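The values are calculated or read from the model by the stated rules, or taken from the named source; none is laboratory data. The structure displayed is predicted, hence computed values, not measured ones. Glycine gets a Cβ as well: all are built from the backbone with ideal geometry, and neighbour counts include every protein chain shown.
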Amino acid sequence: MIVAIIGLGTFGSKTAISLAEKGVEVLAIDKNEILVEKIKDRVAHAVNLDVTDERSLRSVNISDVDTALVAIGDHIDMSIMATAMLRKLGVGRVISRATSLLHEHVLREIGASEIIKVEEDMGEIIAGKIAAPYILESYNFAAGYSIVEIKVGKEYDGKSILETRIKQNYSLNIVAIQRKIPIITLDGKSGFKFEVNDDPAPSDIIYTEDILALVGSDKNLKRLFSVLTES
């Protein structure tokens, strides 16, 4: 996997380093040469260029990356232009950081795949999300603690909550399970409905397509993500 991080401020650089530590090939980009110099020994590639310049982006083969994270927070115009340029050049997954509701709206309008609104201490969680797409949503509700929605895939398929040992091994609580249930609609067609178990018991079984809501410390969530990534 190749991931481009656009903007190497505190959040961007922390996310880039976390991704590199997970074994992801990181292309770190910023127009500030000092920030590029600080990170160049921690990631696979660090480049000093203007991300709003199409020729410069093409020169680093930006269209070859799997995911690009626009981590620019202070300059909304740069964030918007970078997102638009990445979409124009064919980057399939563009995750952009929004600093306001208006900023978020504009980013969605120009085609950002996902929007994030996070602070520095969530950089490792976002890195986990990029490296592992089974992380669907992340909500930071207190310093160092999050609620995360994930698909665990085949790792725990057919196991009860107790058998997964998620609580015992990672001190994380499964607070809800969302499941897609096949149905026949009123007009006789096949369809689906979603059921949410908001009070799961230890004996409840988890299946591949289930979405789990987990609550716990970012540190323990990161431990679980590393296991899921390796499996």
- State whether the residues of region 55-64 include one that is within 30 Å of Val227 (Cβ to Cβ) and either at pLDDT 95 or above or not in a helix (DSSP H, G or I) (or both). no
- Message: Can you pull out every residue in region 170-198 that is out of contact with any Leu (no Cβ under 8 Å at 6 or more places or on another chain) and not in a strand (DSSP E or B)?
- Response: Ser171, Thr185, Leu186, Asp187, Gly188, Lys189, Asp198
- Which of the residues spanning region 199-231 are modelled with pLDDT of 85 or more, in contact with a helix residue (DSSP H, G or I) (Cβ under 8 Å, 6 or more places away or on another chain) and in a loop (DSSP other than H, G, I, E, B)? Pro200, Ala201, Pro202, Ser203, Asp204, Thr208
- Quick check: anything in region 30-45 of a type in the set (Asp, Glu) and crowded, with 16+ Cβ neighbours inside 10 Å? yes
- Message: So, in region 74-92, how many residues would count as being under 17 Å from the mean Cα position of the chain (by Cα) and part of a loop (DSSP other than H, G, I, E, B)?
- Response: 2
- Message: Can you go through Ser146, Ser160 and tell me which one is within 22 Å of Ser203 (Cα to Cα), modelled with pLDDT of 75 or more and of a type in the set (S, T, N, Q)?
- Response: Ser160
- Message: If a residue must be at pLDDT 90 or above and either surrounded by fewer than 19 Cβ atoms within 10 Å (Cβ to Cβ) or not in a strand (DSSP E or B) (or both), how many such residues does region 93-104 contain?
- Response: 1
- Within region 156-169, the residues that are surrounded by 13 or more Cβ atoms within 10 Å (Cβ to Cβ) and either in a loop (DSSP other than H, G, I, E, B) or not aliphatic (A, V, I, L, M) (or both) are Tyr156, Asp157, Lys159, Ser160, Glu163, Thr164, Lys167
- With Ile181, Ile177 as the choices, which residue is touching a Phe, Trp or Tyr at 6+ places or on another chain (Cβ under 8 Å) and at pLDDT 85 or above? Ile181
- Scan region 46-62 for residues that are of a type in the set (S, T, N, Q) and either under 14 Å from Gly9 (Cβ atoms) or surrounded by fewer than 15 Cβ atoms within 10 Å (Cβ to Cβ) (or both) and jot them down. Ser59, Asn61
- Check region 55-69 and report whether any residue there is assigned by TED's automatic domain parsing to the domain that holds Arg97 and farther than 17 Å from Ile2 by Cα. yes
- Message: Any residue that is among the polar types (S, T, N, Q) and more than 24 Å from Arg87 (Cα to Cα) - is there at least one of those in region 7-23?
- Response: yes
- Looking at region 15-33, which of the residues that are part of a loop (DSSP other than H, G, I, E, B) and within 16 Å of the chain's Cα centre (by Cα) is modelled with the highest pLDDT? Val24
